[in-house]
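Q: After the structure tokens below, expect a handful of questions from me.
What follows draws every value from the coordinates through simple rules; no lab data is involved. What you are looking at is a predicted structure, and each value in this text was computed from that prediction instead of being measured. Please note: Cβ atoms are built from the backbone with ideal geometry, for glycine as well, and neighbour counts cover all protein chains shown.
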Amino acid sequence: MRYLVFLLPLAASAQVLNVTVLDYASVPPATLAAAREVFTSIYRKAGGQVQWTVETRVWRPDQTVRLADVPGDIVLRICTEEMAKSLVRKETILGYVQPSAERELARVATVFYHRVEDLKAATGSTPAQVLGTALAHELGHLLLGKGAHSRAGIMRCPWDTQELRAIHRGQLVFDRRQSLTIVNSIAARTGLTMAANAFAAGPGR
């Protein structure tokens, strides 16, 4: 099952980041749609534009998935508790960025849906609010680079009481410095993707 949702551009010259969301957790469609609104709203406030594509998948322990073959500038995985047991050691981890090869930009990040449910219960927020914000945080790591964690705000780790309350109010966003870096990073990543596609197409195509 595959479907696309587009975020209309704010300006004709702005770059749009293509994000592929791999849903292994069978998140209800209504929750995914609401999470997309939270996610794109956070990036809209930062000045960035995102095109969100969802692919629903089934995880098998004996199956190897080549994430490098997944289309898009960025890949965000929504994983199950069972997957978490094979991917991370700490049970309290909400998500993480998959390390990239040397001299390559990281493009894959993961959020664990059972931890989203835990935070939903702790904050009084909806699953969509927590999921959309968690995905925005992990994408923030990919766009902001090393040292992305901050003392407060969406890039704080772990989120404290102030951040958890802000999720419920829809007010957990990037600061001005982070927003500027995000806009520049989106432009750089989409430019690289466009150049790679042009090279793959070859002359005269």
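Q: To the nearest 0.05, what FRET efficiency results for residue 117 and residue 162 with a Förster distance of 25 Å applied to their C-beta separation? Don't jump to the answer; show the numbers that get you there.
A: Details: r = 22 Å, r/R0 = 0.86.
After rounding, the FRET efficiency stands at 0.70.
Q: Just the number, please: percent antiparallel of the DSSP beta bridges in the chain, rounded to the nearest 5. Each step should come with its number before you reach the end.
A: On the way: 7 of 26 bridges.
Among the beta bridges of the chain, antiparallel pairing accounts for roughly 25 percent.
Q: While we're looking at this one, here's another question. Could you tally the net charge around residue 112, taking each other residue with its Cβ under 11 Å from the Cβ of residue 112, Lys/Arg +1 and Asp/Glu -1? Don't skip to the answer; put the middle values down first.
A: Details: positive: 77, 85, 90, 115; negative: 81, 82, 91, 117, 118, 138.
Combined, the nearby Lys, Arg, Asp and Glu give -2.
Q: Rank the residues 138, 82, 104, 55 as a footprinting-exposure proxy: fewest other Cβ atoms within 10 Å of their Cβ go first.
A: Listing 138, 82, 104, 55 from fewest to most nearby Cβ atoms yields 104, 82, 55, 138.
Q: State to the nearest 20 debye the size of the charge dipole of the chain about its Cα centre, where the only charges are +1 on K and R beta carbons and -1 on D and E beta carbons.
A: Charge dipole of the chain: 400 debye, to the nearest 20.
Q: Continuing with this model, one more query. Please compute the modelled spin-label separation between residue 68 and residue 151, points set 7 Å along Cα→Cβ, answer in nm with one decimal.
A: Distance between label points: 4.1 nm.
Q: I've got another one for you. Under a cut-off of 16 Å between alpha-carbon atoms, report the aspartates and glutamates in cross-link reach of residue 90, not counting same-chain residues fewer than 8 places apart.
A: Of all the aspartates and glutamates, those that pass the test against residue 90 - Cα under 16 Å, at least 8 places apart if same chain - are 81, 82, 118.
Q: Still on this structure, please answer the following. Just grab the label-to-label distance for residue 30 and residue 85, each label 7 Å out from Cα along the Cβ direction, in nm (one decimal).
A: It works out to 3.1 nm between the two label points.
Q: Grab the other residues whose beta carbon is less than 14 angstrom from that of residue 61, score K and R as +1, D and E as -1, and report the net.
A: Working: positive: 57, 60, 85; negative: 62, 81, 82.
Its environment carries a net charge of 0.
Q: Based only on other Cβ atoms within 10 Å, what is the fewest-to-most ordering of 157, 79?
A: Final ranking by Cβ density, sparse to dense: 157, 79.
Q: Next question, about the same structure. If each residue of separation counts as 0.36 nm, what is the full-extension length gain between residue 45 and residue 98 once their alpha-carbon separation is subtracted?
A: Extending this stretch completely gives an extra 16.5 nm.
Q: Sorted from fewest to most neighbouring beta carbons within 10 Å, what does the list 164, 135 look like?
A: Result, fewest neighbours first: 164, 135.
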